[in-house]
1. Look at region 113-139 and say how many of its residues are farther than 28 Å from M158 by Cα, of a type in the set (S, T, Y) and exposed (fewer than 13 other Cβ atoms within 10 Å of the Cβ).
2. State the number of residues belonging to region 102-112 that are without any contact (Cβ under 8 Å) to a residue 24 or more places away in the chain and either open to solvent by 40 Å² or more (accessible area, probe 1.4 Å) or not in a helix (DSSP H, G or I) (or both).
3. In region 25-58, how many residues are assigned to a loop (DSSP other than H, G, I, E, B) and surrounded by 16 or more Cβ atoms within 10 Å (Cβ to Cβ)?
4. So which residues in region 113-141 are under 16 Å from the mean Cα position of the chain (by Cα) and either within 19 Å of D49 (Cβ to Cβ) or assigned to a loop (DSSP other than H, G, I, E, B) (or both)?
5. Right, D43: in contact with a helix residue (DSSP H, G or I) (Cβ under 9 Å, 6 or more places away or on another chain) and of a type in the set (D, E) or not?
6. From the residues in region 21-80 that are farther than 20 Å from V4 by Cβ and of a type in the set (S, T, Y), which one is modelled with the lowest pLDDT?
7. Taking the criterion of being without any contact (Cβ under 8 Å) to a residue 24 or more places away in the chain and more than 13 Å from the chain's Cα centre (by Cα), would at least one residue in region 37-48 satisfy it?
8. Inside region 1-24, can you point out the residues that are open to solvent by less than 30 Å² (accessible area, probe 1.4 Å) and aliphatic (A, V, I, L, M)?
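The values are calculated or read from the model by the stated rules, or taken from the named source; none is laboratory data. Bear in mind the structure is a predicted one, so any value in this text is a computation, not a measurement. Heads up, the Cβs are rebuilt from the backbone with ideal geometry, glycines too, and the neighbour counts pull from every protein chain shown. Side chains are part of the model used for accessible areas, which takes the heavy atoms of the whole protein and leaves out ligands, DNA and RNA. Shrake-Rupley method; radii C 1.70, N 1.55, O 1.52, S 1.80 Å.
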Amino acid sequence: MENVARRAETSRPVLHRRWPSRTALATAALAQQFARANIVIPDMGSLRDELRLLLRCMSDRAGSRDLQLFFDMQKDLVAERSSFADIRARIVDGSQFHAVIGRAIERGEIDPARLTPRIASLPLDLARHEMMMTFQPLSEDAIREIVDDIFLPLVRRM
């Protein structure tokens, strides 16, 4: 907080009035960064193509410094009885993913009865896990595997 206050040419008490904790400040900074790098996935006529593009954009947007920040926040999250899921909910709205899934349902590519909340979250969860475990962007092979080998077989119409 001291370093941030110095760079912002203000004081720690001023920062604490707006952001009561380091986690709140870091979350706000990440939210602002993600808002600037808003992802828009056009209708490409194919769930596979749209989801692959979404995962590529998601990977490109998450730099290794951002990933390291999440790990650095772990202790603060535990102290605040918070979690990475809470932070994700505050910084990412998921609208593009929901749009991709909605279009796929309308096109008949997905059986909505097979799309449980856990299965629906699977491609993004696997992508986040891969990036957090490796501190690297997603490879094309990882994206292909997540989409083609794991997600699509679970949700396609039988």
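1. Initial filter on region 113-139 (farther than 28 Å from M158 by Cα): 128-139.
Cutting the leftovers down to of a type in the set (S, T, Y) gives us 134, 139.
Then keep just the ones that are exposed (fewer than 13 other Cβ atoms within 10 Å of the Cβ); that gives 139.
Matching residues across region 113-139 total 1.
2. Initially, region 102-112 is screened for residues without any contact (Cβ under 8 Å) to a residue 24 or more places away in the chain, giving 102, 105-106, 112.
In the following step, the residues that additionally are either open to solvent by 40 Å² or more (accessible area, probe 1.4 Å) or not in a helix (DSSP H, G or I) (or both) were identified as 105-106, 112.
Number satisfying all stated conditions: 3.
3. Residues in region 25-58 being assigned to a loop (DSSP other than H, G, I, E, B) and surrounded by 16 or more Cβ atoms within 10 Å (Cβ to Cβ): 2 in total.
4. A120, L122, P123, L124, L126, A127, F135, Q136, P137, L138
5. yes
6. The first filter runs over region 21-80 and keeps only residues farther than 20 Å from V4 by Cβ, leaving 37-62, 64, 78.
If we keep only those that are of a type in the set (S, T, Y) as well, we get 46, 59, 64.
Working: S46: 97, S59: 90, S64: 58.
Across region 21-80, the extreme among qualifying residues is S64.
7. As a first pass, look at region 37-48 and keep what is without any contact (Cβ under 8 Å) to a residue 24 or more places away in the chain: 38, 42, 44.
Subsequent filtering for residues that are more than 13 Å from the chain's Cα centre (by Cα) retains 42, 44.
Yes: one or more hits.
8. Just the residues of region 1-24 that are open to solvent by less than 30 Å² (accessible area, probe 1.4 Å), to begin with: 5, 15, 21, 23-24.
Selection gives A5, L15, A24.
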